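Step one of this worksheet: look at the structure below.
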Amino acid sequence: MVSKSYSNLLEMSCGDGVDFRQPFKSLPRVVTSPGIISDPDWDTRSDGDSVGSASSVERKIIVANFLPLNCTKDEAGQWSFSRDDDALLMQLRDGFSNETDVIYVGSLKVQVDPSEQDQVAQKLLRDYRCIPAFLPPDLQQQFYHGFCKQQLWPLFHYMLPICLDKGELFDRSLFQAYVRANKLFADKVMEAINTDDDHVWVHDYHLMLLPTFLRKRLHRIKLGFFLHSPFPSSEIYRSLPVRDEILKSLLNADLIGFQTFDYARHFLSCCSRLLGLHYESKRGYIGIDYFGRTVSLKILSVGVHVGRLESILKLPATVKKVQEIEQRYKGKMLMLGVDDMDIFKGISLKLLGLELLLDRNPKLRGNVVLVQIVNPARSTGKDVEEAITESVSVAERINLKYGSVDYKPVVLIDHRIPFYEKIAFYAASDCCIVNAVRDGMNLVPYEYTVCRQGNEEIDNARGSDTNCHHTSTLIVSEFVGCSPSLSGAFRVNPWSVDDVADALHHATDLTESEKRLRHEKHYRYVRSHSVAYWAHSFAQDLERACKDHYSRRCWAIGFGLNFRVIALSPGFRKLSLEHFASSYNKATRRAIFLDYDGTLVPQSSINKAPSDELITILNSLCDDPKNDVFIVSGRARSLLDEWFAPCQKLGIAAEHGYFVRWNKAAEWESSYPNHDFEWKHIAEPVMQVYTETTDGSSIEPKESALVWHYLDADHDFGSCQAKELLGHLERVLSNEPVVVKCGHYIVEVKPQGVSKGLVVDKVIHRLMNNGKTPDFVVCIGNDRSDEDMFKSIDNMTSSSAFPAVTEVFACSVGQKPSKAKYYVDDAGEVVRLLKNVAGISSHREAVSHGRVTFRDVMDYVE
């Protein structure tokens with residue numbers, strides 16, 4: 001059953017006398033109680049139920065699958081709630097200023113009857129600043145235990161369903177539940193947002209579609225996303241049938257955070273391989289160019305709340321428990337493992353490493369104890385049951401083989417214990433081992449390090465000097481997110497039992513001074529990189545990533561999960577066919593410059609030769625005596641000469657303008673007739689080496705240039721090789737009169753000073769010198785080289801030396817950042833545009849011969 005909470009806003013708000021039909025779109029929205037959106041001009045009262053006000057108080061909206069609350073229901077049926085101070089989401093608020101209003105949006109870990117949901121929601125908002133998303137039980141089951149835990153969680157931890165009995169195949173119905181749940185969360189976030197200054201921070205893989213739903217409703221929303229789990233390599237991620245939808249949704253955020261560079265690198269690789277996106281690093285920040293928006297990436301691992309751990313460590317119950325544990329294992333080296341029970345924590349591999357250690361080192365038998373605390377499993381299934389059975393079986397075998405009446409090498413604590421007791425084990429243990437085969441972060445080593453620092457109470461209970469140096473030893477899997485930050489730990493391959501056993505042996509053999517140095521190094525890092533530091537740093541970067549929101553125009557395109565916002569400069573707009581045709585009709589002299597590939601023919605077209613229709617259109621334009629039409633292309637002149645042989649009056653600029661011909665009867669002119677091409681003997685052998693080592697690449701020799709293509713090569717390897725080739729060519733050609741440039745899957749070497757912009761300058765200046773100054777200029781192109789034309793036209797027409805121009809149409813093919821003022825959607829629209837104005841020229845030609853009247857021409861334009 002769908003939740004009734006906030007289902008009818010008008011009904012809930014009717015007592016306030018608010019007319020929701022009035023279009024007050026420009027005014028900030030204020031949520032005065034869950035689901036009621038009012039305006040501050042209508043009601044200026046403020047009470048404790050208000051989610052926010054129109055004041056300048058900074059607001060952060062934290063969105064996660066579960067709210068950081070503890071929930072219980074007594075025998076009388078009354079709900080009781082309390083803050084979960086150990087929850088990361090509750091602790092991160094320490095990274096914000098005291099004046100910041102923090103709102104939490106998420107679901108509860110318990111089911112609330114629909115009849116109680118409104119009352120519970122208002123209580124949570126009033127007392128805890130929380131807005132609950134009530135998911136029906138069946139939806140919760142399909143969303144969380146289904147798609148999240150059965151499909152996303154294994155995949156993001158590198159587990160593929162190779163066999164039917166080893167994993168769950170993709171289930172479209174579960175994904176649809178994931179979509180519905182994310183929409184529900186989006187509805188609740190919209191209830192919390194008051195102004196465009198509010199920051200929304202979404203957490204983890206449960207809500208990866210939320211950025212799309214929020215961006216669709218608020219184009220300029222300040223939106224951050226942090227992934228706490230690993231992000232798999234592209235080879236793994238590409239197996240997900242809804243891979244593109246999830247990637248595109250994440251890219252609707254302004255800032256995406258990852259625990260480690262490896263996870264960020266995998267995400268970038270997926271964006272590059274699957275979506276063809278490019279990224280670059282500017283001043284230390286990595287950004288992905290996504291339809292005019294720069295999506296920033298943040299790489300910073302989560303920290304722990306040091307103050308919270310230290311306060312629990314001071315509790316009398318904790319101090320007493322530390323004494324009890326140390327007394328129980330006195331004379332023995334105490335090793336500790338704290339893990340959730342799931343298939344990725346490597347508990348059985350850890351136990352096998354201990355077994356091998358005891359087998360190889362008889363003297364350690366009776367002197368080493370591993371206490372393994374197993375937290376309850378967060379999910380269910382055959383894999384979890386098998387992991388539990390296997391761990392218990394290995395522990396029993398080790399105890400039977402090496403244990404005795406008063407000694408057990410493995411102590412398995414597989415029931416829930418109080419948090420203070422876990423803290424006591426941290427403080428009392430000589431070594432902590434985290435052996436997960438894959439884990440997003442894992443804060444156990446950080447918590448252990450803080451607890452090993454101890455305090456005055458514990459030192460006094462031990463009878464040791466309060467100024468004594470503290471020690472700790474860490475063994476960490478190289479596949480967990482915290483591993484890179486713990487340089488003093490023993491890093492192990494958890495799949496290698498020998499590796500784990502060797503690390504355990506090294507841990508037993510460390511000197512006190514070495515333990516102290518390792519501990520001090522880790523403690524300095526953990527204390528300085530706390531959860532507050534992480535939250536503050538993320539909030540700062542989110543603010544920086546959103547600083548250009550109001551300097552760009554936003555266009556929404558795409559349906560469903562393909563929705564995206566295109567950010568363009570304020571003056572960039574779609575070319576109106578009517579305005580273009582009207583201006584064309586009024587002009588007395590016209591200069592028309594057209595790129596070829598991607599402009600007149602689609603970039604994806606296999607047959608690049610012009611169609612008969614295109615030839616006819618170009619001939620119609622060229623036959624108009626008011627027109628000077630030029631194809632400006634990077635292709636070789638021989639090929640362009642062959643393709644456009646039927647166009648007698650068409651001007652052609654080949655090889656980016658190195659060769660220019662005004663019409664078919666004219667001779668080819670060269671910008672540099674006496675240019676020396678000896679540099680080709682240097683550049684071509686270098687390109688040949690990269691061609692031989694990069695499968696799918698090729699060299700295109702031109703009369704004036706050399707081009708290395710890598711469109712058909714492996715995307716990542718081709719890009720890497722292109723960067724290396726660029727640097728190599730720049731070094732060996734540093735004394736030659738050439739430039740080396742990267743383009744769209746190409747590296748090109750061409751003479752200095754050759755560009756499409758210079759062609760435009762040259763043609764227009766000659767027209768002016770011949771008394772044919774154009775009052776209508778159109779330039780259409782689709783890639784980086786065409787930006788030179790747009791820039792040249794802009795500079796020329798803005799100068800006082802060019803007063804006659806009344807209409808300039810610099811037009812980009814596709815909505816993307818450009819120096820052009822207009823855009824059209826694709827090459828097909830360019831052809832339709834030219835066909836329309838070619839018809840105007842044809843009608844005027846008919847008028848001059850008396851075949852039609854001038855009124856017919858005007859009717860055609862209209």
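Rounded to the nearest 0.05, what FRET efficiency do D465 and A317 give with R0 = 25 Å and r taken as the Cβ-Cβ distance? Could you check?
Values: r = 24 Å, r/R0 = 0.97.
The computed FRET efficiency comes out at 0.55.
Over the chain, what is the relative contact order in whole percent, taking alpha-carbon pairs under 8 Å and six or more residues apart? Write down the numbers at each step before the final one.
On the way: 1538 pairs, mean separation 78.4, N = 862.
Contact order relative to length: 9 percent.
Pull up the cross-link candidates among the aspartates and glutamates for K330, meaning alpha carbon to alpha carbon under 12 Å and not fewer than 8 places away within one chain.
In chain and number order, the partners are D430.
Put +1 on the Cβ of each Lys and Arg and -1 on the Cβ of each Asp and Glu in region 685-776; which of A722, Y710, H765 then has its Cα farthest toward the positive end of the dipole?
H765
Per residue of region 738-744, what does 6.51 cos²θ - 1.76 cosθ + 1.60 with θ = phi - 60° give for ³J(HN,Hα)? Whole Hz please, x for Gly and Pro, Karplus curve as stated.
9, 10, 10, 10, 9, x, 6
Which links in K702/K772; K547/K791; K298/K750; K109/K332 stretch past 29 Å when you go from one Cα to the other? Could the numbers behind the result be given before it?
Details: K702/K772 33 Å; K547/K791 26 Å; K298/K750 38 Å; K109/K332 41 Å.
Result: K702/K772; K298/K750; K109/K332 exceed 29 Å.
Quick one: 3J(HN,Hα) in Hz for region 699-710, Karplus 6.51/-1.76/1.60 with θ = phi - 60°, rounded, Gly and Pro as x.
10, 10, x, 10, 5, 10, 8, 10, 10, 9, 9, 9
To test your reading of the geometry: what angle, between 0 and 90 degrees and rounded to tens, separates the Cα axis of helix 612-623 from the longest principal axis of the chain?
Rounded to the nearest ten degrees, it is 50.
In nanometres, what is the gap between the two model label sites at H681 and I557, each 7 Å from Cα along Cα-to-Cβ?
According to this spin-label approximation, the distance is 4.9 nm.
Dipole magnitude of the chain about its Cα centre, charges +1 at Lys/Arg Cβ and -1 at Asp/Glu Cβ only, in debye to the nearest 20? Walk me through the numbers on the way to the answer.
Working: 100 positive and 114 negative charges, 174 e Å.
For the chain, the charge dipole is close to 840 debye.
Hey, what angle do you get for helix 261-275 against the long axis of the chain, alpha-carbon based, 0 to 90 degrees rounded to 10?
For 261-275 against the chain, the angle is about 40 degrees.
Of (i) 59.1, 189; (ii) 34.1, 117; (iii) 28.6, 95, which is the value of Rg and Dmax of the Cα atoms in Å derived from the coordinates here?
The value computed from this structure is option (ii).
Using the beta-carbon distance between I417 and R172 and R0 = 45 Å, what value does 1/(1 + (r/R0)^6) give for FRET efficiency, to the nearest 0.05? Walk me through the numbers on the way to the answer.
Values: r = 41 Å, r/R0 = 0.91.
Once rounded, the FRET efficiency stands at 0.65.
Could you tell me which of the pairs K216/K282; K314/K408; K60/K723; K60/K350; K60/K515 are separated by over 32 angstrom between their Cα atoms in the structure shown? Spell out each step's value before the answer.
Working: K216/K282 28 Å; K314/K408 30 Å; K60/K723 41 Å; K60/K350 41 Å; K60/K515 41 Å.
Correct reply: K60/K723; K60/K350; K60/K515.
With just the Cα atoms of region 678-751, tell me how far they stretch along each of the three principal axes, in Å, largest first.
32, 22, 20
PRE reach from R129 (point 7 Å along Cα→Cβ): which of region 518-553 fall under 12 Å by backbone N?
Counting backbone N atoms under 12 Å from the label point, the list is empty.
Suppose only helical runs count, i.e. DSSP H with n ≥ 4. What mean residue ellipticity at 222 nm does that imply for the chain under -39500 (n - 2.57) per run, divided by all residues and rounded to the nearest 500 deg cm²/dmol?
Values: 29 runs with 333 residues, N = 862.
After summing the helix terms and dividing by the residues of the chain, the value is -12000 deg cm²/dmol.
Work out how much length F261 to E310 would gain on full extension: take 0.36 nm times their residue separation and subtract the Cα-Cα distance, in nm to one decimal. It would help to have the intermediate numbers written out before the result.
Numbers: separation 49, 0.36 × 49 = 17.64 nm, distance 3.00 nm.
Computed gain between F261 and E310 is 14.6 nm.
Which whole-Hz ³J(HN,Hα) couplings does region 365-377 yield from phi under the Karplus relation 6.51 cos²θ - 1.76 cosθ + 1.60, θ = phi - 60°, glycine and proline marked x?
5, x, 10, 10, 10, 10, 9, 10, 8, 10, 6, x, 5
Pop a pseudo-label 7 angstrom from the Cα along the beta-carbon direction at both Q119 and E280 and give the gap in nm to one decimal.
6.1
Mind giving me the FRET efficiency for R365 and K109? R0 is 41 Å, r the Cβ-Cβ distance, nearest 0.05 is fine.
Details: r = 43 Å, r/R0 = 1.06.
With a Förster radius of 41 Å, E is 0.40.
Treat each spin label as a single point 7 Å out from the Cα along the C-beta direction, and report the D86 to E235 distance in nm.
Going by the 7 Å Cα→Cβ label model, 3.9 nm.
Non-local amide H neighbours of N782 (under 5 Å, H modeled in plane, Pro and chain starts lacking H): which ones?
For N782, the qualifying residues are V813.
What order, most packed first, do the peptides 263-272, 634-643 have when packing is the mean number of other Cβ atoms within 10 Å of each residue?
Working: 263-272: 21.0, 634-643: 17.4.
Ranking the peptides 263-272, 634-643 by packing returns 263-272, 634-643.
Values in this text are rule-based calculations from the coordinates and carry no lab data. These figures come from a predicted structure and were not determined experimentally. Methodologically, a virtual Cβ is constructed for each residue, glycine included, from the backbone with ideal geometry; neighbour enumeration extends over all protein chains shown.
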